[in-house]
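Student: Okay, handing you the structure first.
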Amino acid sequence: MNRRQETRLAAWLVAPSLVFVAVLGAFPVLSQFVLSLTEFNLKFTDERSFVGLANFAKLLRDDVFWRDLGQTFQFTVVSVGLELLLGLAVALLLNRIGRGRAATNASVIMPWALPTVVAATMWSLILNDRIGLVNSVLERIGLAREPIVWLGPKLAMTSVILADVWKTTPFVAIILLAGLKSIPRHYYEAAELDGAGRWGTFRAITLPLLKPFIAVAVLFRAMDAFRIFDLIWVLTGGASKTETVSVYIYRVLFRYSDLGYGSAMTVALFAIVFGMSLALIRFMRIADDAR
């Protein structure tokens, strides 16, 4: 069997699974799109009607949606940026550890392994302005005379971002650690013979060869952060200028029972995340070709 026949056989073997996944993924999207073309409120089920693109036109005039979209971008950019920097530092540190590597890796993964609701509940207690651990420590060491309202209007977004960074930095670190393990050792040996320092070796060898793994980590984290809901819902409920698009969609769908308009926002969010993913993938390819 030649290579072409092997490729054709592999395609036929994988095709049923791909079709199943495609149908399974396409059905919710198509159903949401159909709902987005209707005026449908569960409080008035008899008044369902087809309105075409009226819900999307309403979306363009919705100041709350655009405000939340901006806050979602802010959360995504800052959170993913910090996670990338800290994740790279943690991965470099873990890559140098000899003894106790398994135990260290397990302890690093723990925050990411926790369910998000559990982690958010824990952080809500830690950051509580009355009984929280953070304020208690700051007051005892004399850095704060009065309790700091960490989840208030001024610091809520910062607190949410820090909680997310603590929760998901291990995910980025594990991906980058896998990338570091895949770099052949003889590259570093050659650089050492050439007299390259640590920074020169990192810039000339580690960082270029790590770029595909960095791109994967950024892609997955950006998509996940842009759809953030549970962490913010538990910590602030969307108050104090922390409401994201997902939280707004939840309010429209489940509090106001407006399935038509909520579905339109869901389709819009899907389109934004899909477009952002394509842009990141294209950027990755351009950067790879330029190299």
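Please treat every number below as a calculation from the coordinates, not as lab data. Predicted model, so just to flag it, every value in this text is computed and none were measured. Don't worry about glycine lacking a Cβ; one is built from the backbone with ideal geometry, like all the others, and counts go over all protein chains shown.
Student: Using only helices, what value at 222 nm comes out for the chain when you add -39,500 (n - 2.57) per DSSP H run of length 4 or more and divide by the total residues, to the nearest 500 deg cm²/dmol?
Tutor: Roughly -24000 deg cm²/dmol at 222 nm, from the helical runs in the chain.
Student: Could you give the dipole magnitude of the range 228-287 about its Cα centre, charging the beta-carbon of Lys and Arg +1 and that of Asp and Glu -1, in debye to the nearest 20?
Tutor: So the dipole magnitude of the range 228-287 works out to roughly 200 debye.
Student: Starting from the Cα coordinates of the chain, work out the convex hull volume and express it per residue in Å³.
Tutor: 221 Å³
Student: While we're here: ³J(HN,Hα) across the range 139-153 via Karplus (A = 6.51, B = -1.76, C = 1.60, θ = phi - 60°), whole Hz, x for Gly/Pro?
Tutor: Values, residue by residue: 5, 5, 8, x, 8, 9, 8, 10, x, 8, 7, 5, 9, x, x Hz.
Student: Once you order the gyration tensor axes a ≥ b ≥ c over the Cα atoms, which shape class does the range 214-274 get: rounded for a/c under 1.5, otherwise prolate or oblate by comparing a/b with b/c?
Tutor: Because a/c hits 1.5 or more and a/b fails to exceed b/c, the range 214-274 counts as oblate.
Student: Something else about it: Relative to the present Cα-Cα distance, how much length would full extension add between ARG67 and ALA113 at 0.36 nm per residue of separation?
Tutor: 13.4 nm
Student: Let me ask something else about it. Apply the Karplus curve 6.51 cos²θ - 1.76 cosθ + 1.60, θ = phi - 60°, to the phi angles in the range 279-284 and return the couplings in whole Hz, x for Gly and Pro.
Tutor: 5, 5, 5, 5, 4, 4
Student: Once the Cβ-Cβ distance between ARG3 and HIS186 is put in as r, and R0 is 25 Å, what FRET efficiency do you end up with, to the nearest 0.05?
Tutor: Working from the Cβ atoms, E equals 0.25.
Student: By average Cβ neighbour count within 10 Å, what is the ranking of 158-171, 32-45 from highest down?
Tutor: Put in order of decreasing packing, that is 158-171, 32-45.
Student: Using 0.36 nm times the number of residues separating ALA89 and ALA271, minus their current alpha carbon distance, what extension gain do you get?
Tutor: Gain on stretching ALA89 to ALA271: 62.2 nm.
Student: Next question, about the same structure. Taking amide H atoms as placed 1.01 Å from N in the peptide plane, list the residues 5 or more away in sequence, or in a different chain, whose amide H sits under 5 Å from that of THR38.
Tutor: The answer is VAL51.
Student: What are the lysines whose alpha-carbon lies under 25 Å from the alpha-carbon of LYS181, with same-chain residues fewer than 8 places away excluded?
Tutor: Those lysines meeting the cut-off are LYS167, LYS211.
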